[in-house]
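The values are calculated or read from the model by the stated rules, or taken from the named source; none is laboratory data. Everything numeric here is computed off the predicted structure, so don't read it as measured data. Cβ placement follows ideal geometry from the backbone for every residue including glycine, while neighbour counts extend to all protein chains displayed.
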Amino acid sequence: MNTQAIRDHYDVAIVGAGPAGLAAARVCADAGLSTVVFDEQPSPGGQIYRSVTATPFKRGTILGEDYWRGAALVAAMRASGAQYVANASVWSLTRDRELGIATGGGVQLLRARRVILCTGAIERPFPIPGWTLPGVMTAGAAQILLKSSALVPQGRVVLAGCGPLLWLLAWQYLNAGRRIDALLDTTPNENRSSVLPHLAAFLFSPYFFKGLDLLRTVRSQVNVVSGVTELRATGRGKVEEVVYRCGARAEQRLQIDTLLLHQGVAPNVNLALSAGIEHRWNDAQLCFLPTLGANADTSVEGIAIAGDGAGIAGAQSAEQRGVLAGVAAARSLKSAATVTGETQARAQIARYQRGRMFLDLFYRPAKQFRIPRGDTVVCRCEEVNARQIDEIIALGCPGPNQMKAFLRCGMGPCQGRFCGLTVTEMIAEGRGLTPQQIGYYRLRPPVKPITVAEMASLPKTAADLKAVVRV
Amino acid sequence: MFQRLPDASATPVRISIEGEPFEAREGDTVAAALLAAGRDYCRTTAISGTLRAPYCMMGVCFDCLVSIDGVANRQGCLVRVREGMHVEIQRGKREVAT
(Lines give C-alpha, C1' and ligand atoms only; values in the text may rest on other atoms or scores of the structure.)
Protein backbone atom coordinates (compact mmCIF):
# COMPACT_ATOMS: atom_id res chain seq x y z
CA MET A 1 0.00 0.00 0.00
CA ASN A 2 1.19 3.50 -0.79
CA THR A 3 0.12 5.46 2.23
CA GLN A 4 2.42 8.47 1.87
CA ALA A 5 1.77 11.04 -0.83
CA ILE A 6 4.44 11.42 -3.50
CA ARG A 7 6.27 14.72 -3.04
CA ASP A 8 7.50 17.20 -5.63
CA HIS A 9 11.11 16.92 -4.60
CA TYR A 10 13.47 14.35 -3.13
CA ASP A 11 17.17 14.16 -2.47
CA VAL A 12 17.35 10.75 -4.11
CA ALA A 13 14.88 8.97 -6.40
CA ILE A 14 15.53 5.30 -7.10
CA VAL A 15 13.82 3.40 -9.90
CA GLY A 16 13.34 -0.30 -9.20
CA ALA A 17 13.06 -2.27 -5.95
CA GLY A 18 15.25 -5.26 -6.74
CA PRO A 19 18.50 -5.94 -4.87
CA ALA A 20 20.28 -2.82 -6.21
CA GLY A 21 17.38 -0.46 -5.58
CA LEU A 22 16.65 -1.81 -2.10
CA ALA A 23 20.31 -1.54 -1.06
CA ALA A 24 20.76 1.94 -2.53
CA ALA A 25 17.58 3.17 -0.82
CA ARG A 26 18.68 1.83 2.52
CA VAL A 27 22.08 3.55 2.29
CA CYS A 28 20.63 6.91 1.19
CA ALA A 29 17.83 6.98 3.78
CA ASP A 30 20.22 5.89 6.54
CA ALA A 31 22.42 8.85 5.62
CA GLY A 32 19.46 11.16 6.29
CA LEU A 33 18.53 11.90 2.69
CA SER A 34 14.89 12.09 1.63
CA THR A 35 14.69 8.94 -0.50
CA VAL A 36 11.97 7.43 -2.64
CA VAL A 37 11.86 4.10 -4.48
CA PHE A 38 9.48 3.73 -7.40
CA ASP A 39 8.71 0.17 -8.41
CA GLU A 40 6.45 -1.12 -11.12
CA GLN A 41 5.66 -4.38 -9.36
CA PRO A 42 3.00 -4.82 -6.67
CA SER A 43 5.59 -5.82 -4.01
CA PRO A 44 9.33 -5.26 -3.50
CA GLY A 45 12.14 -7.66 -4.43
CA GLY A 46 12.58 -7.18 -8.16
CA GLN A 47 12.52 -10.33 -10.26
CA ILE A 48 15.17 -12.30 -8.38
CA TYR A 49 13.43 -11.83 -5.02
CA ARG A 50 10.02 -11.56 -6.61
CA SER A 51 7.15 -11.56 -4.06
CA VAL A 52 9.62 -12.36 -1.26
CA THR A 53 7.32 -10.64 1.26
CA ALA A 54 4.18 -12.26 -0.13
CA THR A 55 5.13 -15.68 -1.50
CA PRO A 56 2.93 -18.61 -0.47
CA PHE A 57 6.08 -20.67 0.21
CA LYS A 58 7.88 -21.07 3.51
CA ARG A 59 11.63 -20.77 3.94
CA GLY A 60 13.56 -24.01 3.45
CA THR A 61 11.28 -25.28 0.72
CA ILE A 62 11.54 -25.42 -3.03
CA LEU A 63 12.84 -21.97 -4.01
CA GLY A 64 16.33 -22.40 -2.54
CA GLU A 65 18.09 -20.52 0.27
CA ASP A 66 19.42 -17.66 -1.91
CA TYR A 67 15.89 -16.41 -2.53
CA TRP A 68 15.33 -15.50 1.09
CA ARG A 69 18.18 -13.02 1.19
CA GLY A 70 15.66 -10.65 -0.39
CA ALA A 71 13.52 -10.60 2.77
CA ALA A 72 16.36 -9.06 4.77
CA LEU A 73 16.96 -6.47 2.04
CA VAL A 74 13.30 -5.45 2.03
CA ALA A 75 13.26 -5.26 5.84
CA ALA A 76 16.38 -3.06 5.87
CA MET A 77 14.91 -0.74 3.24
CA ARG A 78 11.67 -0.39 5.20
CA ALA A 79 13.52 0.21 8.49
CA SER A 80 15.64 2.95 6.87
CA GLY A 81 12.62 5.17 6.35
CA ALA A 82 12.93 5.32 2.56
CA GLN A 83 9.55 5.86 0.91
CA TYR A 84 8.54 2.88 -1.21
CA VAL A 85 5.94 3.33 -3.95
CA ALA A 86 4.57 0.14 -5.52
CA ASN A 87 2.73 -0.10 -8.85
CA ALA A 88 4.52 3.01 -10.05
CA SER A 89 5.80 3.25 -13.60
CA VAL A 90 8.47 5.82 -14.34
CA TRP A 91 7.59 6.94 -17.86
CA SER A 92 9.98 9.84 -18.22
CA LEU A 93 13.38 10.96 -17.00
CA THR A 94 15.09 14.13 -18.19
CA ARG A 95 18.76 15.12 -18.06
CA ASP A 96 17.97 17.58 -15.28
CA ARG A 97 16.42 14.76 -13.24
CA GLU A 98 12.73 15.42 -13.61
CA LEU A 99 10.82 12.15 -13.36
CA GLY A 100 7.36 11.38 -14.71
CA ILE A 101 5.52 8.85 -12.55
CA ALA A 102 2.31 6.96 -13.26
CA THR A 103 0.53 5.24 -10.40
CA GLY A 104 -2.87 3.63 -10.80
CA GLY A 105 -4.48 6.89 -9.77
CA GLY A 106 -2.76 9.33 -12.11
CA VAL A 107 0.49 10.87 -13.26
CA GLN A 108 2.80 13.45 -11.78
CA LEU A 109 6.20 15.06 -12.23
CA LEU A 110 8.85 15.42 -9.56
CA ARG A 111 12.49 16.30 -9.24
CA ALA A 112 15.41 14.65 -7.46
CA ARG A 113 18.93 15.86 -6.76
CA ARG A 114 20.24 12.38 -7.52
CA VAL A 115 18.64 9.55 -9.49
CA ILE A 116 19.75 5.93 -9.25
CA LEU A 117 18.36 3.67 -11.97
CA CYS A 118 18.02 0.08 -10.81
CA THR A 119 15.80 -1.13 -13.62
CA GLY A 120 17.42 -4.56 -13.75
CA ALA A 121 17.33 -7.00 -16.60
CA ILE A 122 14.78 -8.41 -18.99
CA GLU A 123 14.77 -11.71 -20.84
CA ARG A 124 16.85 -11.67 -24.00
CA PRO A 125 14.62 -12.06 -27.05
CA PHE A 126 14.43 -15.71 -28.20
CA PRO A 127 12.94 -15.35 -31.68
CA ILE A 128 12.22 -18.88 -32.89
CA PRO A 129 9.30 -19.95 -35.08
CA GLY A 130 6.21 -20.18 -32.86
CA TRP A 131 7.52 -18.15 -29.91
CA THR A 132 4.35 -16.06 -29.93
CA LEU A 133 2.04 -19.08 -29.47
CA PRO A 134 0.09 -19.33 -26.22
CA GLY A 135 1.82 -21.97 -24.10
CA VAL A 136 5.25 -20.60 -24.96
CA MET A 137 6.65 -18.39 -22.21
CA THR A 138 9.97 -17.30 -20.83
CA ALA A 139 11.59 -19.32 -18.06
CA GLY A 140 11.59 -16.10 -16.05
CA ALA A 141 7.81 -15.87 -16.43
CA ALA A 142 7.44 -19.44 -15.18
CA GLN A 143 9.63 -18.67 -12.21
CA ILE A 144 7.57 -15.59 -11.36
CA LEU A 145 4.39 -17.73 -11.44
CA LEU A 146 6.09 -20.17 -9.09
CA LYS A 147 7.39 -17.58 -6.62
CA SER A 148 4.28 -15.39 -6.55
CA SER A 149 1.46 -17.86 -6.96
CA ALA A 150 2.83 -21.41 -6.47
CA LEU A 151 1.78 -22.19 -10.04
CA VAL A 152 3.50 -24.85 -12.17
CA PRO A 153 2.65 -25.90 -15.74
CA GLN A 154 0.08 -28.60 -16.25
CA GLY A 155 0.78 -31.44 -18.66
CA ARG A 156 3.98 -31.94 -20.64
CA VAL A 157 6.58 -29.23 -20.14
CA VAL A 158 9.84 -28.68 -22.00
CA LEU A 159 12.53 -26.14 -21.09
CA ALA A 160 14.73 -24.92 -23.94
CA GLY A 161 17.67 -22.58 -24.31
CA CYS A 162 20.76 -21.84 -22.27
CA GLY A 163 21.89 -19.98 -19.18
CA PRO A 164 21.86 -20.41 -15.39
CA LEU A 165 18.20 -19.41 -14.96
CA LEU A 166 17.02 -22.32 -17.11
CA TRP A 167 18.79 -24.80 -14.84
CA LEU A 168 17.66 -23.04 -11.68
CA LEU A 169 14.04 -23.22 -12.80
CA ALA A 170 14.44 -26.93 -13.61
CA TRP A 171 15.90 -27.51 -10.15
CA GLN A 172 13.06 -25.61 -8.47
CA TYR A 173 10.44 -27.56 -10.45
CA LEU A 174 12.05 -30.84 -9.39
CA ASN A 175 12.00 -29.65 -5.77
CA ALA A 176 8.31 -28.95 -6.21
CA GLY A 177 7.72 -32.45 -7.55
CA ARG A 178 7.00 -31.15 -11.05
CA ARG A 179 8.29 -33.55 -13.71
CA ILE A 180 10.10 -32.02 -16.69
CA ASP A 181 9.70 -33.85 -19.98
CA ALA A 182 12.94 -32.57 -21.50
CA LEU A 183 15.53 -29.82 -21.26
CA LEU A 184 16.74 -28.84 -24.73
CA ASP A 185 20.15 -27.26 -24.23
CA THR A 186 21.06 -24.80 -26.99
CA THR A 187 24.46 -23.87 -25.52
CA PRO A 188 26.72 -23.87 -28.59
CA ASN A 189 29.42 -26.56 -28.49
CA GLU A 190 32.03 -24.08 -29.71
CA ASN A 191 31.58 -22.01 -26.53
CA ARG A 192 33.46 -24.74 -24.67
CA SER A 193 36.75 -23.73 -26.27
CA SER A 194 36.23 -19.95 -26.00
CA VAL A 195 35.83 -20.17 -22.21
CA LEU A 196 39.09 -22.04 -21.54
CA PRO A 197 41.11 -18.90 -20.70
CA HIS A 198 38.46 -18.05 -18.07
CA LEU A 199 38.14 -21.51 -16.55
CA ALA A 200 40.55 -21.00 -13.65
CA ALA A 201 38.76 -17.85 -12.48
CA PHE A 202 35.45 -19.69 -12.65
CA LEU A 203 36.72 -22.66 -10.62
CA PHE A 204 37.61 -20.28 -7.79
CA SER A 205 34.41 -18.25 -8.09
CA PRO A 206 31.36 -18.43 -5.83
CA TYR A 207 29.36 -19.85 -8.75
CA PHE A 208 31.28 -23.06 -9.33
CA PHE A 209 30.19 -25.45 -6.59
CA LYS A 210 26.65 -24.16 -6.45
CA GLY A 211 26.30 -24.51 -10.20
CA LEU A 212 27.88 -27.94 -10.31
CA ASP A 213 25.50 -29.30 -7.70
CA LEU A 214 22.48 -27.84 -9.46
CA LEU A 215 23.52 -29.20 -12.87
CA ARG A 216 24.15 -32.67 -11.43
CA THR A 217 20.76 -32.81 -9.75
CA VAL A 218 18.92 -31.71 -12.89
CA ARG A 219 20.89 -34.03 -15.20
CA SER A 220 20.16 -37.03 -12.98
CA GLN A 221 16.39 -36.48 -13.18
CA VAL A 222 15.70 -34.84 -16.53
CA ASN A 223 16.18 -35.89 -20.14
CA VAL A 224 18.77 -33.26 -21.09
CA VAL A 225 19.40 -32.98 -24.84
CA SER A 226 22.67 -31.13 -25.50
CA GLY A 227 23.83 -29.44 -28.67
CA VAL A 228 20.41 -28.36 -29.95
CA THR A 229 20.96 -26.24 -33.07
CA GLU A 230 17.42 -25.84 -34.41
CA LEU A 231 14.26 -25.19 -32.44
CA ARG A 232 10.69 -24.30 -33.25
CA ALA A 233 7.27 -24.45 -31.65
CA THR A 234 4.20 -25.42 -33.63
CA GLY A 235 0.50 -25.60 -32.94
CA ARG A 236 -2.87 -24.14 -33.89
CA GLY A 237 -3.93 -21.45 -31.44
CA LYS A 238 -1.54 -22.82 -28.82
CA VAL A 239 1.70 -24.76 -28.67
CA GLU A 240 1.31 -28.47 -29.43
CA GLU A 241 4.77 -29.59 -30.47
CA VAL A 242 8.38 -28.58 -30.07
CA VAL A 243 10.57 -29.58 -33.00
CA TYR A 244 14.34 -29.65 -32.63
CA ARG A 245 17.50 -30.88 -34.26
CA CYS A 246 21.05 -31.43 -33.04
CA GLY A 247 23.49 -30.64 -35.85
CA ALA A 248 23.21 -33.09 -38.72
CA ARG A 249 21.04 -35.57 -36.83
CA ALA A 250 17.40 -36.20 -37.72
CA GLU A 251 14.70 -33.77 -36.58
CA GLN A 252 12.92 -34.75 -33.36
CA ARG A 253 9.40 -33.87 -32.24
CA LEU A 254 7.89 -33.78 -28.78
CA GLN A 255 4.19 -33.34 -27.98
CA ILE A 256 3.98 -30.63 -25.33
CA ASP A 257 1.62 -28.33 -23.46
CA THR A 258 4.15 -25.73 -22.31
CA LEU A 259 7.49 -24.58 -23.72
CA LEU A 260 9.66 -22.41 -21.49
CA LEU A 261 12.38 -20.44 -23.30
CA HIS A 262 15.45 -18.70 -21.98
CA GLN A 263 18.76 -17.59 -23.42
CA GLY A 264 20.03 -15.19 -20.83
CA VAL A 265 19.01 -11.71 -19.78
CA ALA A 266 19.96 -8.24 -20.94
CA PRO A 267 19.81 -4.83 -19.21
CA ASN A 268 16.49 -3.03 -19.32
CA VAL A 269 17.86 0.11 -20.97
CA ASN A 270 14.78 2.02 -22.11
CA LEU A 271 14.57 4.61 -19.34
CA ALA A 272 18.35 5.20 -19.30
CA LEU A 273 18.53 5.58 -23.08
CA SER A 274 15.58 7.97 -23.11
CA ALA A 275 17.52 10.22 -20.71
CA GLY A 276 20.38 10.31 -23.19
CA ILE A 277 22.77 8.20 -21.12
CA GLU A 278 25.65 6.89 -23.20
CA HIS A 279 25.69 3.14 -23.83
CA ARG A 280 28.12 0.97 -25.74
CA TRP A 281 27.78 -2.50 -27.25
CA ASN A 282 29.32 -5.29 -25.16
CA ASP A 283 30.27 -8.26 -27.27
CA ALA A 284 30.58 -10.75 -24.39
CA GLN A 285 27.10 -9.97 -23.05
CA LEU A 286 25.68 -9.21 -26.52
CA CYS A 287 23.84 -6.08 -25.43
CA PHE A 288 24.24 -2.34 -24.88
CA LEU A 289 25.66 -1.35 -21.48
CA PRO A 290 25.88 2.14 -19.96
CA THR A 291 29.33 3.71 -19.83
CA LEU A 292 29.95 4.07 -16.11
CA GLY A 293 32.46 5.78 -13.83
CA ALA A 294 33.91 4.29 -10.66
CA ASN A 295 30.84 5.19 -8.58
CA ALA A 296 28.18 3.87 -10.95
CA ASP A 297 27.82 7.40 -12.37
CA THR A 298 26.70 7.76 -15.98
CA SER A 299 27.43 10.27 -18.74
CA VAL A 300 24.52 12.38 -17.40
CA GLU A 301 25.39 14.26 -14.23
CA GLY A 302 23.49 13.19 -11.16
CA ILE A 303 22.15 9.97 -12.65
CA ALA A 304 23.73 6.64 -11.65
CA ILE A 305 22.91 3.09 -12.73
CA ALA A 306 23.29 0.11 -10.41
CA GLY A 307 22.46 -3.58 -10.63
CA ASP A 308 21.96 -5.70 -13.72
CA GLY A 309 20.85 -2.62 -15.66
CA ALA A 310 24.53 -1.63 -15.57
CA GLY A 311 25.67 -5.04 -16.85
CA ILE A 312 24.60 -8.56 -15.98
CA ALA A 313 26.39 -9.76 -12.84
CA GLY A 314 23.68 -11.33 -10.67
CA ALA A 315 21.82 -10.49 -7.48
CA GLN A 316 24.72 -10.37 -5.01
CA SER A 317 26.71 -8.02 -7.20
CA ALA A 318 23.60 -5.95 -7.91
CA GLU A 319 23.07 -5.40 -4.19
CA GLN A 320 26.66 -4.26 -3.69
CA ARG A 321 26.56 -2.01 -6.74
CA GLY A 322 23.42 -0.50 -5.22
CA VAL A 323 25.33 0.16 -1.99
CA LEU A 324 28.11 1.84 -3.97
CA ALA A 325 25.70 4.10 -5.86
CA GLY A 326 23.94 4.95 -2.58
CA VAL A 327 27.22 5.82 -0.87
CA ALA A 328 28.24 8.04 -3.80
CA ALA A 329 24.88 9.87 -3.73
CA ALA A 330 25.06 10.35 0.04
CA ARG A 331 28.61 11.69 -0.12
CA SER A 332 27.83 14.11 -2.92
CA LEU A 333 24.78 15.55 -1.18
CA LYS A 334 25.95 15.49 2.43
CA SER A 335 29.64 16.07 2.72
CA ALA A 336 29.44 15.71 6.50
CA ALA A 337 27.68 12.36 6.40
CA THR A 338 29.66 9.38 7.62
CA VAL A 339 28.71 6.79 5.07
CA THR A 340 30.42 3.45 5.35
CA GLY A 341 30.25 0.26 3.39
CA GLU A 342 32.14 1.30 0.28
CA THR A 343 35.27 -0.80 0.82
CA GLN A 344 33.28 -3.91 1.61
CA ALA A 345 30.99 -3.33 -1.35
CA ARG A 346 33.92 -3.02 -3.73
CA ALA A 347 35.45 -6.24 -2.37
CA GLN A 348 32.16 -8.10 -2.83
CA ILE A 349 31.67 -6.74 -6.34
CA ALA A 350 35.16 -8.00 -7.24
CA ARG A 351 34.38 -11.38 -5.69
CA TYR A 352 31.20 -11.83 -7.70
CA GLN A 353 32.87 -10.52 -10.84
CA ARG A 354 35.25 -13.48 -10.74
CA GLY A 355 33.87 -16.20 -12.98
CA ARG A 356 31.38 -13.90 -14.73
CA MET A 357 33.34 -13.83 -17.99
CA PHE A 358 33.24 -17.63 -18.02
CA LEU A 359 29.45 -17.60 -17.57
CA ASP A 360 28.98 -14.86 -20.19
CA LEU A 361 31.00 -16.70 -22.81
CA PHE A 362 29.89 -20.22 -21.94
CA TYR A 363 26.20 -19.34 -22.16
CA ARG A 364 26.59 -16.86 -25.03
CA PRO A 365 23.55 -17.74 -27.16
CA ALA A 366 24.05 -19.12 -30.66
CA LYS A 367 23.77 -16.79 -33.62
CA GLN A 368 20.88 -18.67 -35.23
CA PHE A 369 18.79 -18.07 -32.10
CA ARG A 370 19.61 -14.35 -32.07
CA ILE A 371 19.35 -13.61 -35.78
CA PRO A 372 16.22 -15.31 -37.12
CA ARG A 373 15.22 -15.88 -40.74
CA GLY A 374 12.04 -16.22 -42.78
CA ASP A 375 8.59 -16.14 -41.20
CA THR A 376 9.85 -15.99 -37.63
CA VAL A 377 8.28 -13.05 -35.80
CA VAL A 378 10.84 -10.49 -34.64
CA CYS A 379 8.60 -7.68 -33.35
CA ARG A 380 5.88 -9.39 -31.32
CA CYS A 381 3.81 -6.21 -30.91
CA GLU A 382 3.62 -5.10 -34.54
CA GLU A 383 3.95 -8.67 -35.90
CA VAL A 384 6.92 -7.98 -38.14
CA ASN A 385 8.86 -11.03 -39.32
CA ALA A 386 12.52 -11.59 -40.16
CA ARG A 387 11.93 -11.77 -43.92
CA GLN A 388 10.36 -8.31 -43.97
CA ILE A 389 13.28 -6.89 -42.01
CA ASP A 390 15.81 -8.62 -44.30
CA GLU A 391 14.04 -7.12 -47.34
CA ILE A 392 14.33 -3.60 -45.92
CA ILE A 393 18.00 -4.19 -45.02
CA ALA A 394 18.55 -5.25 -48.65
CA LEU A 395 17.05 -1.91 -49.75
CA GLY A 396 19.86 -0.20 -47.86
CA CYS A 397 18.13 0.72 -44.60
CA PRO A 398 20.93 2.08 -42.41
CA GLY A 399 19.62 1.40 -38.90
CA PRO A 400 16.84 0.52 -36.44
CA ASN A 401 15.25 3.98 -36.48
CA GLN A 402 14.81 3.98 -40.23
CA MET A 403 13.49 0.41 -39.94
CA LYS A 404 10.66 1.77 -37.79
CA ALA A 405 9.54 4.04 -40.61
CA PHE A 406 9.31 1.11 -43.03
CA LEU A 407 7.81 -1.59 -40.82
CA ARG A 408 6.79 -0.11 -37.44
CA CYS A 409 8.94 -2.74 -35.70
CA GLY A 410 9.71 -1.58 -32.19
CA MET A 411 6.79 0.86 -32.21
CA GLY A 412 4.24 -1.27 -30.36
CA PRO A 413 3.50 -1.12 -26.64
CA CYS A 414 6.67 -2.98 -25.53
CA GLN A 415 8.68 -0.19 -27.21
CA GLY A 416 11.28 -2.48 -28.68
CA ARG A 417 12.15 -4.32 -25.50
CA PHE A 418 11.55 -7.70 -27.17
CA CYS A 419 12.94 -6.88 -30.62
CA GLY A 420 15.57 -4.17 -30.18
CA LEU A 421 18.59 -6.41 -29.79
CA THR A 422 17.40 -8.68 -32.61
CA VAL A 423 16.87 -5.81 -35.05
CA THR A 424 20.26 -4.25 -34.23
CA GLU A 425 22.07 -7.56 -34.73
CA MET A 426 20.17 -8.33 -37.93
CA ILE A 427 21.06 -4.97 -39.49
CA ALA A 428 24.67 -5.24 -38.27
CA GLU A 429 25.00 -8.63 -39.91
CA GLY A 430 23.22 -7.57 -43.08
CA ARG A 431 25.40 -4.49 -43.52
CA GLY A 432 28.65 -6.08 -42.34
CA LEU A 433 29.01 -3.60 -39.47
CA THR A 434 29.18 -3.98 -35.70
CA PRO A 435 26.13 -3.50 -33.44
CA GLN A 436 27.98 -0.50 -31.94
CA GLN A 437 28.09 1.10 -35.40
CA ILE A 438 24.42 0.31 -36.02
CA GLY A 439 23.14 1.52 -32.64
CA TYR A 440 19.78 0.98 -31.00
CA TYR A 441 16.27 2.40 -31.28
CA ARG A 442 16.10 6.06 -30.29
CA LEU A 443 13.92 6.05 -27.22
CA ARG A 444 11.78 8.92 -26.09
CA PRO A 445 9.38 9.46 -23.22
CA PRO A 446 6.88 8.19 -22.37
CA VAL A 447 8.91 4.97 -22.04
CA LYS A 448 5.85 3.25 -20.55
CA PRO A 449 2.43 3.79 -22.11
CA ILE A 450 0.27 6.40 -20.42
CA THR A 451 -3.04 7.69 -21.68
CA VAL A 452 -3.51 11.05 -23.38
CA ALA A 453 -5.92 11.95 -20.57
CA GLU A 454 -3.19 11.27 -18.02
CA MET A 455 -0.73 13.41 -19.93
CA ALA A 456 -3.29 16.20 -20.23
CA SER A 457 -3.84 16.12 -16.47
CA LEU A 458 -0.27 17.33 -15.81
CA PRO A 459 0.11 20.91 -14.60
CA LYS A 460 0.56 23.40 -17.44
CA THR A 461 2.31 26.75 -17.45
CA ALA A 462 1.12 29.77 -19.45
CA ALA A 463 3.99 29.11 -21.87
CA ASP A 464 2.82 25.51 -22.39
CA LEU A 465 -0.65 26.70 -23.31
CA LYS A 466 0.66 29.43 -25.59
CA ALA A 467 2.79 26.89 -27.44
CA VAL A 468 -0.26 24.97 -28.68
CA VAL A 469 -2.90 27.64 -28.95
CA ARG A 470 -4.26 28.38 -32.42
CA VAL A 471 -3.80 32.00 -33.48
CA MET B 1 -2.44 -24.34 -18.41
CA PHE B 2 -1.01 -23.95 -14.90
CA GLN B 3 -1.89 -25.70 -11.68
CA ARG B 4 -1.46 -24.75 -8.04
CA LEU B 5 1.03 -26.66 -5.91
CA PRO B 6 -0.75 -28.40 -3.06
CA ASP B 7 1.55 -27.19 -0.26
CA ALA B 8 0.94 -23.50 -0.90
CA SER B 9 -1.74 -21.79 1.12
CA ALA B 10 -3.24 -18.39 0.47
CA THR B 11 -6.53 -16.61 0.95
CA PRO B 12 -9.05 -17.08 -1.89
CA VAL B 13 -10.06 -14.03 -3.92
CA ARG B 14 -13.20 -14.29 -6.06
CA ILE B 15 -13.08 -12.64 -9.45
CA SER B 16 -14.90 -13.12 -12.73
CA ILE B 17 -13.23 -13.97 -16.02
CA GLU B 18 -15.40 -13.38 -19.10
CA GLY B 19 -18.39 -13.41 -16.75
CA GLU B 20 -17.52 -16.77 -15.23
CA PRO B 21 -16.64 -16.92 -11.53
CA PHE B 22 -13.10 -17.96 -10.63
CA GLU B 23 -11.41 -18.35 -7.29
CA ALA B 24 -7.94 -16.80 -7.50
CA ARG B 25 -5.54 -16.50 -4.59
CA GLU B 26 -4.32 -13.49 -2.71
CA GLY B 27 -1.03 -12.40 -4.30
CA ASP B 28 -2.02 -13.59 -7.79
CA THR B 29 -1.74 -11.09 -10.58
CA VAL B 30 -4.56 -11.00 -13.11
CA ALA B 31 -2.30 -12.75 -15.64
CA ALA B 32 -1.47 -15.50 -13.13
CA ALA B 33 -5.17 -15.95 -12.37
CA LEU B 34 -5.94 -16.31 -16.09
CA LEU B 35 -3.31 -19.04 -16.42
CA ALA B 36 -4.51 -20.77 -13.24
CA ALA B 37 -8.06 -20.65 -14.62
CA GLY B 38 -6.89 -22.61 -17.66
CA ARG B 39 -7.42 -19.78 -20.13
CA ASP B 40 -5.44 -20.56 -23.27
CA TYR B 41 -5.15 -16.93 -24.27
CA CYS B 42 -5.85 -13.48 -22.85
CA ARG B 43 -5.94 -11.28 -25.92
CA THR B 44 -6.11 -11.24 -29.70
CA THR B 45 -3.58 -9.01 -31.42
CA ALA B 46 -4.50 -5.62 -32.84
CA ILE B 47 -2.72 -6.37 -36.14
CA SER B 48 -3.77 -9.88 -37.25
CA GLY B 49 -6.15 -11.03 -34.53
CA THR B 50 -3.99 -14.01 -33.52
CA LEU B 51 -4.20 -15.38 -30.00
CA ARG B 52 -1.66 -14.39 -27.36
CA ALA B 53 -1.07 -15.40 -23.75
CA PRO B 54 1.17 -13.89 -21.05
CA TYR B 55 4.80 -14.29 -22.16
CA CYS B 56 7.14 -12.48 -19.73
CA MET B 57 5.01 -11.95 -16.58
CA MET B 58 7.16 -8.96 -15.58
CA GLY B 59 5.62 -6.01 -17.36
CA VAL B 60 7.81 -6.04 -20.47
CA CYS B 61 6.02 -7.85 -23.32
CA PHE B 62 2.43 -6.47 -23.19
CA ASP B 63 1.03 -9.80 -24.37
CA CYS B 64 -1.10 -10.05 -21.22
CA LEU B 65 -3.17 -6.97 -22.08
CA VAL B 66 -6.69 -7.45 -20.75
CA SER B 67 -9.70 -5.43 -19.76
CA ILE B 68 -10.04 -5.03 -15.98
CA ASP B 69 -13.28 -3.64 -14.57
CA GLY B 70 -14.10 -2.14 -17.94
CA VAL B 71 -10.71 -0.53 -18.58
CA ALA B 72 -8.86 -2.08 -21.53
CA ASN B 73 -5.12 -2.18 -22.25
CA ARG B 74 -4.22 -3.10 -18.67
CA GLN B 75 -1.10 -5.20 -18.19
CA GLY B 76 -2.53 -8.24 -16.42
CA CYS B 77 0.83 -9.22 -14.96
CA LEU B 78 1.22 -5.92 -13.07
CA VAL B 79 -2.19 -5.83 -11.39
CA ARG B 80 -3.05 -7.99 -8.41
CA VAL B 81 -6.51 -9.56 -8.20
CA ARG B 82 -9.08 -7.92 -5.93
CA GLU B 83 -12.32 -9.38 -4.64
CA GLY B 84 -15.11 -8.79 -7.18
CA MET B 85 -12.80 -7.82 -10.05
CA HIS B 86 -14.13 -8.34 -13.59
CA VAL B 87 -11.59 -9.47 -16.16
CA GLU B 88 -12.30 -9.70 -19.87
CA ILE B 89 -10.20 -10.96 -22.75
CA GLN B 90 -9.03 -8.05 -24.89
CA ARG B 91 -10.01 -8.44 -28.51
CA GLY B 92 -7.80 -6.36 -30.77
CA LYS B 93 -7.24 -2.70 -30.01
CA ARG B 94 -8.64 -0.87 -27.05
CA GLU B 95 -11.91 0.85 -27.91
CA VAL B 96 -12.02 4.44 -26.72
CA ALA B 97 -15.40 5.62 -25.50
CA THR B 98 -16.76 8.59 -27.45
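In table form, for the structure just shown:
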item: Subset of the range B:68-86 [at pLDDT 95 or above and in contact with a His (Cβ under 8 Å, 6 or more places away or on another chain)]; result: B:ILE68, B:ASP69
item: Identity of the residue in the range A:228-257, at positive phi and within 14 Å of chain B (Cβ to nearest Cβ), that ends up surrounded by the most Cβ atoms within 10 Å (Cβ to Cβ); result: A:GLY235
item: All positions within the range A:12-41 that are within 14 Å of another protein chain (Cβ to nearest Cβ) and either crowded, with 24+ Cβ neighbours inside 10 Å or under 14 Å from A:SER332 (Cα atoms) (or both); result: A:VAL15, A:GLY16, A:ALA17, A:GLY18, A:PHE38, A:ASP39, A:GLN41
item: Identity of the residue in the range A:401-414, out of contact with any Lys or Arg (no Cβ under 8 Å at 6 or more places or on another chain) and either more than 12 Å from chain B (Cβ to nearest Cβ) or part of a helix (DSSP H, G or I) (or both), that ends up surrounded by the fewest Cβ atoms within 10 Å (Cβ to Cβ); result: A:ALA405
item: Subset tally (residues that are at negative phi, touching an Asp or Glu at 6+ places or on another chain (Cβ under 9 Å) and either at the interface with chain A (Cβ under 9 Å from one of its Cβ atoms) or of a type in the set (Asp, Glu) (or both)) for the range B:47-70; result: 12
item: Pairs with Cβ under 8 Å, 6+ apart, first in the range B:1-30 and within 7 Å of chain A (Cβ to nearest Cβ), second buried (at least 17 other Cβ atoms within 10 Å of the Cβ) and among the aromatic types (Phe, Trp, Tyr); result: B:ALA8/A:PHE57
item: Test set (1) basic (Lys, Arg); (2) in a loop (DSSP other than H, G, I, E, B); (3) in contact (Cβ under 8 Å) with a residue 60 or more places away in the chain - A:ARG236 fails condition number; result: (3)
item: Matching residues in the range A:212-259 - criterion: being basic (Lys, Arg) and either under 20 Å from A:THR138 (Cα atoms) or touching a strand residue (DSSP E or B) at 6+ places or on another chain (Cβ under 9 Å) (or both); result: A:ARG219, A:ARG232, A:ARG236, A:LYS238, A:ARG245, A:ARG253
item: One residue from A:ALA88, A:ALA54, A:ALA29, A:ALA79 being at pLDDT 95 or above, small (Gly, Ala, Ser) and under 25 Å from the mean Cα position of the chain (by Cα); result: A:ALA88
item: Which listed residue, of A:ALA325, A:ALA304, A:ALA284, is touching a helix residue (DSSP H, G or I) at 6+ places or on another chain (Cβ under 7 Å), in a loop (DSSP other than H, G, I, E, B) and among the hydrophobic types (A, V, I, L, M, F, W, C); result: A:ALA284
